[in-house]
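The values are calculated or read from the model by the stated rules, or taken from the named source; none is laboratory data. Bear in mind the structure is a predicted one, so any value in this text is a computation, not a measurement. Note that each Cβ is placed from the backbone with ideal geometry, even for glycine, and that neighbours are counted across all protein chains shown.
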Amino acid sequence: MEKKNIDWANLGFGYMKTDYRYVSNFTNGAWDAGSITEDDQITMSECAGVLQYAQTVFEGLKAYTTEDGKVVVFRPDLNADRMIASAKRLEMPEFPKERFIDAIDQVVKANMAWVPPFGSGATLYLRPYMFGINPVIGVKPANDYQFRVFGTPVGPYFKGGAKPLTIKVSDFDRAAPNGTGCIKAGLNYAMSLHAIVTAHEEGYDENMYLDPKTRTKVEETGGANFLFVTKDGKVVTPKSDSILPSITRRSLIQVAKDYLGLEAEEREIYLDELGDMAECGLCGTAAVISPVGKIVDHGKEICLPAGMAEMGPVTKKLYDTLTGIQMGKIEAPEGWIRVIE
Ligand code: PLP
Ligand code: COI
């Protein structure tokens, strides 16, 4: 199959319309059979639940071309589970797990020409999402929903690829105590838009949000979890009820322990202990692991010893092992890789 004529190596993280997407509608209490369509447009009521009260949840995962030319996706079952959890929290119907995985398969298969080749540095980013589509004016959940999946070829999330980032400790909160920070709902990202625009205007790459209750503990950024390496070589990641349970972060903890023989722990991490860290990275599907060189807390600079020139050594090992697993160079744990045939 012939690939699209795209400059894969120079792609950023943006939307490019591909040929096919998947759509399924929920009406009268049931999902229809769902199908692949070429139509990228959505027509809905001016009063649709998603437009009035932001009733929408989404996911993000990637399709990769492996070294031996297979096309694979990484742990789509965990995205399906997380989307079910997100939907429940916003009073939306579950899109069944096996149907979610089948929808991913169908979208990747239909768009094989858009899956970037091995070694190009690019991947096909897949965006499943679901939203309330019928008119809702009193504050209540919609009755009807649409589930869709599209794909778009992407390069690195942060410009400059592996260049260490500068992070601002934000004065804004992304999530509330007992709120929706732990689900993947569009509303959490709306909450972060003013903060990210402000951070960019001030010359920072991203925000570090603190726990909304005490503002003493590290939470996450607008689109990725944090991962730290302590000066004695231990991998630690923040534990919190108000951050997204990142599939990348959970996978990296297992990689650290089982592949690299490192100690790895999820625990509360206080802002005032960041000076004890040797390395810091942002981890997520889009971010993969993007190294952090500097964290700025109201003028106080916390410079990671790994520096501003390149990824720290442990971060690099984690990055190489995770991407090696995703690209078929390193044997994956059982169930992590789904081959699209
Ligand atoms: N945190 C937030 C707020 C995110 O948007 C994402 C991206 O999905 C992540 C963390 C990383 O999660 P995952 O590794 O499952 O992509
Ligand atoms: C992802 O990594 O899949 C996300 O959803 C993050 C988003 C900021 C692009």
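Being within 11 Å of ligand 1 (Cβ to nearest atom) and within 16 Å of ILE167 (Cα to Cα) is not true of TYR189. Within the range 130-141, residues that are in a strand (DSSP E or B) sit with their Cβ atoms under 7 Å from residues that are surrounded by fewer than 17 Cβ atoms within 10 Å (Cβ to Cβ), at 6+ positions apart or across chains, in these pairs: GLY132/PRO141; PRO135/SER45; PRO135/CYS47.
Would the range 197-216 turn up any residue that is hydrophobic (A, V, I, L, M, F, W, C) and surrounded by fewer than 20 Cβ atoms within 10 Å (Cβ to Cβ)? Yes, the range 197-216 contains at least one residue that is hydrophobic (A, V, I, L, M, F, W, C) and surrounded by fewer than 20 Cβ atoms within 10 Å (Cβ to Cβ). Residues considered: THR315, THR323. Of these, the only one that is hydroxyl-bearing (Ser, Thr, Tyr) and more than 13 Å from LEU260 (Cβ to Cβ) is THR323. In the set (1) surrounded by fewer than 21 Cβ atoms within 10 Å (Cβ to Cβ); (2) in contact with a strand residue (DSSP E or B) (Cβ under 9 Å, 6 or more places away or on another chain), the condition left unmet by THR43 is number (2). Condition first: closer than 30 Å to ALA122 by Cα, more than 14 Å from ligand 1 (Cβ to nearest atom) and at pLDDT below 95. Can you find one or more residues in the range 40-61 that meet it? No: zero hits.
Table: residues versus (1) more than 14 Å from ligand 1 (Cβ to nearest atom); (2) within 29 Å of VAL71 (Cα to Cα).
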{"residue": "PHE228", "(1), (2)": "yes, no"}
{"residue": "VAL235", "(1), (2)": "yes, no"}
{"residue": "VAL255", "(1), (2)": "no, yes"}
{"residue": "GLY284", "(1), (2)": "no, yes"}
{"residue": "PRO291", "(1), (2)": "yes, yes"}
{"residue": "LYS294", "(1), (2)": "yes, no"}
{"residue": "LYS329", "(1), (2)": "yes, yes"}
{"residue": "ARG338", "(1), (2)": "yes, yes"}
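Within the range 294-311, being surrounded by fewer than 23 Cβ atoms within 10 Å (Cβ to Cβ) and within 27 Å of ARG250 (Cβ to Cβ) holds for LYS294, ILE302, PRO305, GLU310. Report yes if PRO333 is assigned by TED's automatic domain parsing to the domain that holds ASP211 and either in a loop (DSSP other than H, G, I, E, B) or in contact with a helix residue (DSSP H, G or I) (Cβ under 6 Å, 6 or more places away or on another chain) (or both), otherwise no. Against the criterion (assigned by TED's automatic domain parsing to the domain that holds ASP211 and either in a loop (DSSP other than H, G, I, E, B) or in contact with a helix residue (DSSP H, G or I) (Cβ under 6 Å, 6 or more places away or on another chain) (or both)), PRO333 does not qualify.
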